[in-house]
Each structure stands twice: as C-alpha cells, then as structure tokens.
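Worksheet: the structure to be examined is printed underneath.
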Amino acid sequence: MSSVGLSAALNNRMDYLVQRQNIIAGNIANASTPEYKGRDLEFQRLVTRAGDNIGAGGRLQMAATNSQHIGGSGFIPNGGRLQVNHIPTRLDGNSIELEDEMLKMSSTQGDYTRMTGYYRKFMQMYTNAVTSGR
C-alpha cells in the first residue's frame, strides 16, 4: 500500500468513527423517547475507498511484492449503511439499551484515539523520510 493509500485509509477510518460516534450520541439522547429505534453504522468501505488493491467485482486483492507470493481469493467489504434496530426492548417501544450504547461510545472513542496515534506515527515517518534526503 502506498503512503497515500495508508493516509487515505487512516482518514477514512477516522471519518467512519466520527460518524458512528454521532449516531451513538443520537441514540443516547433519545434513550427516553417512546418508539425510538436505535441506529448504528456498519463498517464503511474503508478498504474500497483507499482503492489500492481492489480487483474485479470490488474484491480486495492481496498485494504481491514478489512473483512467488501465494494469491488469495479476497473478500467483499461491508457496504457502509445505516442499521436500524427495530426490536423494541421496552414497553414504550424504545430499542435503546443505554449500557450497550455507552459501551459502543467507549469502544469508538478508543478506536479513534488509536487511529490518531497511527496517523501521528505515519506523519512522523513520512516527515523523516522527506527531510532525511536533504
């Protein structure tokens, strides 16, 4: 994966996490709204958006840096779409489990922190590579 591809992949993942956190915050805000159906965001086309190793049919292809590498069949990433939980968990028809939403929020925040750390390291390495040639 090229440096541009890695940067794009990290940016796309962080964008996805921001969108997901906004949706979870909306769920938490509507935890006491009757008939509210909880929403979540499926994993977006992070790999597809980066675009480096996409083959025919939208399948992710393994990168081969040597002609003797074994090829893989690849997989189709999830198509990022909004999921709505239609199963009410309470008598008022609301499907929000506040504890679950708080766990999702915490997990999403941890993932975002990790991605920003990866991005920071990538930029340090990129800067070192560019400035070391002077």
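The values are calculated or read from the model by the stated rules, or taken from the named source; none is laboratory data. No experiment lies behind these values; they were computed from the predicted model shown. We place every Cβ from the backbone using ideal geometry, glycine too, and count neighbours over all the protein chains shown. Protein only, heavy atoms only, side chains kept; ligands, DNA and RNA dropped before computing areas. Shrake-Rupley method; radii C 1.70, N 1.55, O 1.52, S 1.80 Å.
Residues of the stretch 7-40 that are closer than 21 Å to I96 by Cβ and of a type in the set (K, R): R20, K37, R39.
Reported count of residues in the stretch 102-130, each being open to solvent by 60 Å² or more (accessible area, probe 1.4 Å) and among the β-branched types (V, I, T), is 3.
For the stretch 89-101, the tally of residues that are exposed (fewer than 13 other Cβ atoms within 10 Å of the Cβ) and in a helix (DSSP H, G or I) stands at 2.
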